[in-house]
Amino acid sequence: MNGPEGRAHAAATGGPQECRLHDAEGHATGGHDIVPRGGGGGGARGAMRGGSAAPAVPAGAAADLEWDRAVQLIRAAEEICLACHVAPDGDALGSMLALAQALRSLGKRCVASFGEPFTVPAILRFLPGQELLVEPARVPAAPELMISLDAAGRARLGGLAGHADRAGALVVVDHHASNTGFGGVRLVDPDAAATAVLVEELIRRLGVPLDRDIAQGLYAGLASDTGSFKYPCTTPEVHDLAGRLLTAGVRPDAVSRELWDRAPFGYLQVLAGALARARLERDAAAGLGLVWTTVARADRAARDVEYDQLEGVIDQLRRTDEAEVAVVCKENDRGEWYVSTRSKGAVDVGRACVELGGGGHRTAAAFTMGGEPAAIIDRLRAALRAPGDPDDD
């Protein structure tokens, strides 16, 4: 998704907070402080690669050590490969392209990619730095140094997961609370509002000044995962960072238009059909209400609307006063249903989506499933529950 759920499943695609993260598919977005979960120790080349999850390192010296290790690896490497999660959203792609351009300014040979399908979403084609993107097949099979961005687990790298396993060193930059602990150096902060927050910190520690192109990628990531700065995770620190990015030359009106405020006429027709099919179930979601609709592949194909242009549908559904939870089932090109969910905070949709094989935030999550939409909604309905329910942890 270009938005809070982070295109939450690999088949398609961080008190309650709008961006609180639950699983590998979503994005945590709480505060701004950089308190990464590191691997601790380990100078051996093998220890820099995958491995099992390590305990979270505390803030302070241990966290700084992890940052220092990342900076040292980057400075020592001649060629660096960057990878973000499949079906990238604004935070994943924006962060990756921003870092790629920063590394290029340091004289590094750098390529950036993501797993198949290798297609940049239409709403993200304005981002600078895309000349550094290469198809997955062109990524070195065993990179000297690989940096994973916005992926909570190696599986989220899709076809590039094996490259991460074979890399001489693997740095993970991520803000998912459910990060699996992969990688040898882990800059993981589940309280960061976006992976872009962590990337900006890394760029600063590398001594690279922000120019307009680097800042634009970071701003797209920050705006995407804070819902255009309207979610509760939009802290004063988030606005401070946004201000620095604007000072570097970002035009917020231009970025906002690309991300949220443009669509082909056919989209309006698809949206009208989706709203006409919407169903309100007042007793669902622990009696707090569920509103849901569907967008079949044929609906958008008939109007020449791309799949990744459907994200705004759920923003219309979530306005419903009588429903705590809004859901849109979107059929992808493989005939599976990508199910986007939103909650106003009382129901944990992230946990429900985890139970169904996906994940995301407490209030924004998704999963992908085959079958008929009605049957999928039945399963989701059963998984939804409010805090305090008998089955609640």
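Against the conditions (1) assigned to a helix (DSSP H, G or I); (2) in contact with a Pro (Cβ under 7 Å, 6 or more places away or on another chain); (3) of a type outside the set (Lys, Arg), where does VAL305 fall short? Just the number, please. Failed condition: (1).
Can you tell me which of ILE123, ILE80 is part of a helix (DSSP H, G or I), closer than 20 Å to ILE214 by Cβ and of a type in the set (A, V, I, L, M)?
Details: ILE80 fails: part of a helix (DSSP H, G or I).
That would be ILE123, the only listed residue that is part of a helix (DSSP H, G or I), closer than 20 Å to ILE214 by Cβ and of a type in the set (A, V, I, L, M).
Can THR195 be described as touching a Leu at 6+ places or on another chain (Cβ under 7 Å), among the β-branched types (Val, Ile, Thr) and assigned by TED's automatic domain parsing to the domain that holds GLU144? Answer is yes for this residue.
Can you work out which of the residues in the range 352-365 that are at pLDDT 90 or above and either surrounded by fewer than 24 Cβ atoms within 10 Å (Cβ to Cβ) or touching a His at 6+ places or on another chain (Cβ under 7 Å) (or both) is nearest to THR294 (Cα to Cα)?
Within the range 352-365, the first condition is being at pLDDT 90 or above, and the residues that meet it are 352-353, 355-356.
Narrowing further to those that are either surrounded by fewer than 24 Cβ atoms within 10 Å (Cβ to Cβ) or touching a His at 6+ places or on another chain (Cβ under 7 Å) (or both): 355-356.
Details: GLU355: 21, LEU356: 18 Å.
Here the answer is LEU356.
Take the conditions (1) surrounded by 14 or more Cβ atoms within 10 Å (Cβ to Cβ); (2) in contact with a His (Cβ under 9 Å, 6 or more places away or on another chain); (3) not small (Gly, Ala, Ser); PRO236 misses just one of them, which is (1).
Among the residues of the range 97-119, what is the count of those that are of a type in the set (A, V, I, L, M, F, W, C) and in contact with a strand residue (DSSP E or B) (Cβ under 7 Å, 6 or more places away or on another chain)? If you could, list the steps in order and put the result at the bottom.
Taking the range 97-119 and keeping what is of a type in the set (A, V, I, L, M, F, W, C), we get 97-100, 102-103, 106, 110-112, 114, 118.
Next cut, in contact with a strand residue (DSSP E or B) (Cβ under 7 Å, 6 or more places away or on another chain) only: 97, 99-100, 103, 110-112, 114.
Residues flagged as of a type in the set (A, V, I, L, M, F, W, C) and in contact with a strand residue (DSSP E or B) (Cβ under 7 Å, 6 or more places away or on another chain) within the range 97-119 amount to 8.
Can you say whether VAL208 is in the same structural domain as ALA223 (by TED's automatic domain parsing) and either under 26 Å from THR226 (Cα atoms) or touching a Leu at 6+ places or on another chain (Cβ under 8 Å) (or both), as far as the supplied structure shows? Yes; evaluated as a whole, the condition is true for this residue.
When you scan the range 175-183, do you find a residue that is under 16 Å from the mean Cα position of the chain (by Cα) and at pLDDT 95 or above, even just one? No, the range 175-183 has no match at all. The number of residues in the range 88-106 that are touching an Asp or Glu at 6+ places or on another chain (Cβ under 7 Å) and more than 14 Å from PRO121 (Cα to Cα) comes to 2.
Anything in the range 154-192 that is in contact with a Leu (Cβ under 6 Å, 6 or more places away or on another chain) and among the hydroxyl-bearing types (Ser, Thr, Tyr)? List them, or say none. Selection gives nothing.
If you check LEU275 against the conditions, is it touching a Lys or Arg at 6+ places or on another chain (Cβ under 9 Å), closer than 28 Å to THR320 by Cβ and surrounded by fewer than 23 Cβ atoms within 10 Å (Cβ to Cβ)?
Judged against the criteria, LEU275 is not a match.
Across the range 275-302, what is the total count of residues that are assigned to a helix (DSSP H, G or I), farther than 18 Å from ALA375 by Cα and modelled with pLDDT of 95 or more?
Residues of the range 275-302 assigned to a helix (DSSP H, G or I): 275-277, 284-287, 297-301.
Now drop any that are not farther than 18 Å from ALA375 by Cα, which leaves 275-276, 286-287, 298-301.
With modelled with pLDDT of 95 or more added as a condition, the list becomes 275-276, 287, 298-301.
Matching residues across the range 275-302 total 7.
Using the structure shown, decide if GLY158 is more than 20 Å from the chain's Cα centre (by Cα) and of a type outside the set (A, V, I, L, M).
Working: more than 20 Å from the chain's Cα centre (by Cα): no; of a type outside the set (A, V, I, L, M): yes.
Considered against the rule, which asks whether it is more than 20 Å from the chain's Cα centre (by Cα) and of a type outside the set (A, V, I, L, M), GLY158 comes out as no.
Among the residues of the range 242-274, which ones are hydrophobic (A, V, I, L, M, F, W, C), in a helix (DSSP H, G or I) and more than 19 Å from LYS230 (Cα to Cα)?
The initial filter retains those residues of the range 242-274 that are hydrophobic (A, V, I, L, M, F, W, C), namely 242, 245-246, 248, 250, 254-255, 259-260, 263, 265, 268, 270-272, 274.
Then keep just the ones that are in a helix (DSSP H, G or I); that gives 242, 245-246, 254-255, 259-260, 265, 268, 270-272, 274.
Those that are hydrophobic (A, V, I, L, M, F, W, C), in a helix (DSSP H, G or I) and more than 19 Å from LYS230 (Cα to Cα): PHE265, LEU268, VAL270, LEU271, ALA272, ALA274.
Scanning the range 186-200 for residues that are out of contact with any helix residue (DSSP H, G or I) (no Cβ under 7 Å at 6 or more places or on another chain) and more than 14 Å from VAL171 (Cα to Cα) yields PRO190, ASP191. Consider only pairs whose beta carbons are under 7 Å apart and that are at least six residues apart or on different chains; among these, list those whose first residue lies in the range 125-138 and is closer than 19 Å to GLU306 by Cβ and whose second residue is of a type in the set (Ser, Thr, Tyr) and surrounded by 15 or more Cβ atoms within 10 Å (Cβ to Cβ). Qualifying pairs under 7 Å: LEU133/SER113. Name the pairs: first residue in the range 72-101 and closer than 20 Å to ARG166 by Cα, second residue among the hydroxyl-bearing types (Ser, Thr, Tyr), Cβ to Cβ under 6 Å, at least 6 apart or on different chains? Pairs found: ALA83/SER113; ALA83/SER148.
For the range 366-390, which residues satisfy the criterion of being charged (D, E, K, R) and either part of a helix (DSSP H, G or I) or at pLDDT 95 or above (or both)?
Restricting attention to the range 366-390, the residues satisfying the condition of being charged (D, E, K, R) are 372, 378-379, 381, 385, 389.
Across the range 366-390, the qualifying residues are GLU372, ASP378, ARG379, ARG381.
Quick one: how many residues across the range 274-311 are closer than 27 Å to ARG385 by Cβ, within 27 Å of the chain's Cα centre (by Cα) and either outside the structural domain of LYS330 (by TED's automatic domain parsing) or of a type in the set (D, E, K, R) (or both)? Count: 1.
Quick one: which strands (runs of 3 or more DSSP E) lie wholly within the range 127-213 and hold at least 1 residues that are touching a Pro at 6+ places or on another chain (Cβ under 6 Å) and surrounded by 20 or more Cβ atoms within 10 Å (Cβ to Cβ)? Before the answer, list the steps.
Details: elements: 145-149, 170-174, 185-188.
Once the strands (runs of 3 or more DSSP E) in the range 127-213 are filtered for at least 1 residues that are touching a Pro at 6+ places or on another chain (Cβ under 6 Å) and surrounded by 20 or more Cβ atoms within 10 Å (Cβ to Cβ), what remains is 185-188.
The values are calculated or read from the model by the stated rules, or taken from the named source; none is laboratory data. For clarity, every value in this text was computed on a predicted model and none was experimentally measured. Cβ: placed from backbone, ideal geometry, glycine included. Neighbour counts: every protein chain shown.
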